[in-house]
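Trainee: Dumping the structure here so I can ask a few things about it.
The values are calculated or read from the model by the stated rules, or taken from the named source; none is laboratory data. Here the structure is a predicted model, which means the values were calculated and not measured. FYI the Cβ positions are ideal-geometry reconstructions off the backbone, even for glycines, and counts take in every protein chain you see. The accessibility values were calculated without ligands, DNA or RNA, using every heavy atom of the protein model including side chains. Shrake-Rupley method; radii C 1.70, N 1.55, O 1.52, S 1.80 Å.
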Amino acid sequence: MNYILAILLPPLSILLTGRPILAIIVFLIWIPALIFSGGLTHPMFIILAWILIFQSREDRRMRRYGGEG
């Protein structure tokens, strides 16, 4: 579900991964980037959100199962 949200609203998706400061910074960059580039930079923010979602899931998995593997 968060991956779909990342397509529409990357800053909100980043906020839901538990990174509020980064979400604010991305939001402040995302809005002018959308306005001035006409949406050409939107895929960059989607990829950033997907990487952060994946990383947070891997971190949770490592904490749950502990250690290597």
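Trainee: Got a sec? What order do 27, 45, 54 fall in by accessible area at 1.4 Å, biggest, i.e. largest, first?
Mentor: Numbers: 27 95, 45 15, 54 115 Å².
Correct descending sequence by accessible area is 54, 27, 45.
Trainee: While we're here: Can you sort 14, 31 by solvent-accessible area, 1.4 Å probe, largest first?
Mentor: Working: 14 0, 31 65 Å².
Descending accessible area places them as 31, 14.
Trainee: Residue farthest toward the positive end of the dipole of the chain, with Cβ of Lys/Arg at +1 and Asp/Glu at -1: which of 7, 48, 17?
Mentor: Going by the Cα projections, it comes out as 17.
Trainee: Extension gain residue 61-residue 41, at 0.36 nm per residue separation less the Cα-Cα distance, in nm? The partial results should precede the final answer.
Mentor: On the way: separation 20, 0.36 × 20 = 7.20 nm, distance 3.11 nm.
Stretched out fully, the residue 61 to residue 41 stretch lengthens by 4.1 nm.
Trainee: Counting only protein heavy atoms and a 1.4 Å probe, tell me what percentage of the chain's accessible area is made up of carbon and sulfur. Numbers along the way, then the final one.
Mentor: Working: 3640 of 4990 Å².
Result for the chain: 73 percent of the exposed heavy-atom area is carbon or sulfur.
Trainee: Turning to a different aspect of this structure: How much accessible area per residue does the chain have, in Å², with a 1.4 Å probe?
Mentor: On the way: 4990 Å² over 69 residues.
The answer is 72 Å² per residue.
Trainee: Size of the dipole of the chain about the Cα centre, Lys and Arg at +1 and Asp and Glu at -1 on the beta carbon, nothing else charged, in debye to 20? Write down the numbers at each step before the final one.
Mentor: Numbers: 6 positive and 3 negative charges, 43 e Å.
With only Lys, Arg, Asp and Glu charged at Cβ, the dipole is about 200 debye.
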